[in-house]
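For reference, the structure discussed in these notes is given below.
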Amino acid sequence: MEKNNNKKAITTTMAIALVVALVVGLVLGYLASMLMAPTAPGVTTTVVSTLEKTVTVGAPTVERLIIGVTDKVTDIDPSNAYDFFTWEVLSNTMEGLMKYVPGTTELEYGIARSHTIEENGLVYIFKLKPGLRFADGTPATAEDVVRSIKRVMEINGDPAWLVTDFVEDVVALDSETVKFKLTVPVSYFLALLATPPYFPIHPTYKPKEIDSDQTAGGLGPYRIVKWTRDVELILEANPYYYGGAPKVKQIIVRFFKDATSMRLELEAGRIDIAWRTLLPTDIKDLKAKPNLKTLECPGGFIRYIVINTRIKPFDNKLIRQALAAALNRKAICERVFLGLTEPLYSMVPIGMWSHIDAFKEKYGEHNTDLAKNLLKQAGYSETNKLKIELWYTPTHYGDTEADVALLVKEAWEETGMIEVDIKSAEWTTYVDQSRKGIMGISLFGWYPDYIDPDDYTTAFVNASWLGYAYANAELSKILKDASVLPTVEERTPLYERAQRIWAEDAAIIPMFQGKLVIVSKPNVDGIYLDPTMLLRYWLFFFTG
């Protein structure tokens with residue numbers, strides 16, 4: 001994207017773009033926003049925050065809104081939190097230098113008001129908004145930003161790589177100026193800054209260790225006033241938030257043990273919103289209820305199969321390709337998820353720039369004849385079957401996971417040349433087995449850290465958390481080259497090439513992409529579903 005266009009994207013037309021997005025609806029906003037690109041080197045930009053006033057104008061201020069979830073909060077500490085519901089809580093109680101415009105993948109300033117890029121993309125300098133304060137009134141300065149990011153680097157928890165892989169050093173030049181020195185130029189560094197490991201936190205947090213139950217928060221629109229783990233989280237409007245007061249003064253999050261209990265509370269009117277995760281059958285039923293409102297949107301959540309190429313016979317590409325060809329994605333989406341997921345033929349999700357249907361181009365859909373041919377070339381037959389173990393984890397991805405594994409087995413065995421033995425392990429054991437590289441074939445899912453094709457590709461190649469299941473030197477070089485180019489136009493051909501190599505190797509096979517679904521009372525508005533998968537509580541308001 002051209003330099004001036006980038007500047008335009010996050011400056012003077014931001015408010016206009018947002019109003020348009022609100023009028024035409026979430027889906028069009030989502031599709032129109034996929035061409036996110038960083039601001040060009042050397043450009044200084046200024047943003048005036050008009051978002052909250054634009055969204056909630058005319059809406060009456062109300063006291064309370066109750067959200068139901070079956071998710072859990074792990075650590076209310078950006079140094080170690082690395083799951084999407086906890087990131088949602090952090091994104092409502094904290095804020096970083098950058099953030100996403102709701103309903104889009106377009107970036108805007110958070111607590112920053114301008115930035116410059118110098119030394120060919122190695123140095124980023126940010127100016128903070130003036131007068132920032134934490135929720136208890138404590139002034140927040142550039143030193144707090146630096147302290148918080150260096151704390152993440154020192155503690156080195158699960159999400160620390162989002163900082164340590166890119167940032168060589170961060171310093172405060174004065175009370176309102178933060179300077180980053182990167183290890184290499186990164187085209188998506190602004191997107192990284194929108195993730196919680198870069199959020200400034202209150203000085204009360206323990207300086208050198210994970211502070212899992214700390215509720216002091218950061219610079220977000222809400223503050224935590226009560227938290228009973230796995231039972232209830234109560235947030236109240238932060239009186240010192242620079243963006244003004246939300247229309248809902250208090251947000252209560254209630255944690256349910258299962259989706260059925262949450263559904264019953266919604267139908268009884270005791271919660272206003274049922275969020276992650278309702279069962280597909282419940283969603284289908286609730287859509288027919290005239291007194292409830294259902295919203296859905298393509299999400300950045302993807303599911304895939306990992307084949308460990310370091311384990312025999314999966315070092316044979318013909319076998320991996322046969323498994324990719326035989327897979328029946330449509331059956332999984334229709335029979336298990338009742339149409340609430342979409343077949344996925346690339347690790348780069350549908351709707352994101354550079355996405356191509358690489359696996360569908362090469363193998364088609366549920367191509368049993370091609371699978372048989374590939375298996376014959378590999379030396380297998382109806383009397384000499386390929387015998388494999390297929391691993392899944394029974395609760396981490398929901399109650400539907402066993403059915404997903406069963407349909408994968410069904411499609412592969414339909415060739416008449418494969419015999420599948422399904423195995424399962426709870427999440428902790430499952431992850432440990434993955435790291436050790438002892439599972440030949442396993443089912444996994446991915447929620448994005450940042451909205452960029454890099455996050456759906458680089459993280460899987462030669463990855464320790466997958467037991468180094470997949471490595472390809474040519475692919476690694478392409479992905480590295482793509483990560484440093486400055487424009488979408490320059491990066492797109494490289495990611496398209498990467499997706500075709502991915503399909504040829506068939507070591508990690510995409511299965512389907514999830515949709516986000518939320519059900520609420522009909523008078524709840526200001527709900528934005530987008531690929532970040534994070535609800536912005538400060539945008540909620542009631543109508544009527």
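About its Cα centre, the range 424-475 has a charge dipole of approximately 300 debye under the convention of +1 per Lys or Arg Cβ and -1 per Asp or Glu Cβ, with nothing else charged. Of the residues 523, 486, 438, the one whose Cα sits farthest towards the positive end of the charge dipole of the range 438-532 is 438 (charges of +1 on Lys and Arg Cβ, -1 on Asp and Glu Cβ, taken about the Cα centre). Between the listed residues 266, 338, 295, the Cα displaced farthest toward the positive end of the dipole of the range 258-365, a dipole computed from Cβ unit charges relative to the Cα centre, is found at 338. Note on exposure: 396, 355, 115 ranked by accessible area (1.4 Å probe, complete protein assembly) read 396, 355, 115, with the most exposed listed first. The ratio of the alpha-carbon radius of gyration of the range 54-153 to the globular-protein estimate 2.2 N^0.38 Å is 1.29.
Quick one: ranking 255, 540 by accessible area, 1.4 Å probe, largest first, what do you get? Show your work: numbers first, answer last.
On the way: 255 20, 540 0 Å².
Of 255, 540, the descending order of accessible area is 255, 540.
Ignoring ligands, DNA and RNA, what percent of the 1.4 Å accessible area of the range 101-150 is carbon and sulfur?
That fraction is 51 percent.
The peptide list 452-458, 210-216, put in order of mean Cβ contacts within 10 Å with the highest first, becomes 452-458, 210-216.
Listed by chain and number, the lysines whose C-alpha is less than 23 Å from the C-alpha of residue 480, apart from same-chain residues fewer than 8 away, are 3, 181. If only the Cβ of Lys and Arg carry +1 and only the Cβ of Asp and Glu carry -1, the dipole of the chain around its Cα centre is close to 480 debye. Its Cα centre serving as origin, the range 446-493 has a Cβ charge dipole (Lys and Arg +1, Asp and Glu -1) of approximately 180 debye. Shown for the range 365-475: the carbon plus sulfur share of the solvent-accessible area, taken with all protein chains present and a 1.4 angstrom probe, equals 45%.
From most to least packed by mean Cβ count within 10 Å, the peptides 73-79, 302-308, 89-95 give 89-95, 73-79, 302-308. Accessible surface ranking for 171, 248, 1.4 angstrom probe, highest first: 171, 248. One Cα centroid belongs to the range 422-465, the other to the range 354-381; the line between them spans 23 Å.
With no solvent and one point per C-alpha, what does the Debye sum give as log10 I(q)/I(0) for the chain at q = 0.11, 0.13 Å⁻¹? Treating every Cα as an identical point scatterer, log10 I(q)/I(0) equals -1.01, -1.40.
With the whole protein complex present, residue 515 retains an accessible surface near 70 Å², based on a 1.4 Å probe. Shape class for the range 104-172, computed from the alpha carbon gyration tensor (a ≥ b ≥ c): oblate, with a/c not under 1.5 and a/b at or below b/c. All C-alpha pair distances within the range 163-321, sorted into 10 Å bins from zero, spread as 7, 20, 26, 25, 16, 6, 0 percent across the bins. Counting protein heavy atoms only, the range 193-232 has 47 percent of its accessible area on carbon and sulfur, 1.4 angstrom probe.
Structural descriptor for the range 137-187: relative contact order 36 percent, calculated from alpha carbon pairs under 8 angstrom and at least 6 residues apart. For the chain, averaging the sequence separation of C-alpha pairs within contact (under 8 Å, six or more residues apart) and dividing by the residue count gives a relative contact order of 20 percent. Shape analysis of the range 399-544 based on the Cα gyration tensor places the equivalent ellipsoid semi-axes at 32, 26, 15 Å, largest first. Where both partners of a DSSP beta bridge lie in the chain, what percent of those bridges are antiparallel, to the nearest 5? The antiparallel fraction comes to roughly 75 percent. Based on protein heavy atoms only, the chain ends up with 38 Å² per residue of surface accessible to a 1.4 Å probe. In summary, the aspartates and glutamates within cross-link reach of residue 372, defined as a Cα separation below 14 angstrom excluding same-chain residues under 8 places away, comprise 382, 413, 414, 419.
The values are calculated or read from the model by the stated rules, or taken from the named source; none is laboratory data. Keep in mind it's a predicted model, so treat the numbers as computed, not measured. Because the Cβ atoms are built from the backbone with ideal geometry, glycine has one as well, and the counts that use them run over all protein chains shown. Note: accessible area is taken over every heavy atom of the protein model, side chains too, but ligands, DNA and RNA are not part of it. Shrake-Rupley method; radii C 1.70, N 1.55, O 1.52, S 1.80 Å.
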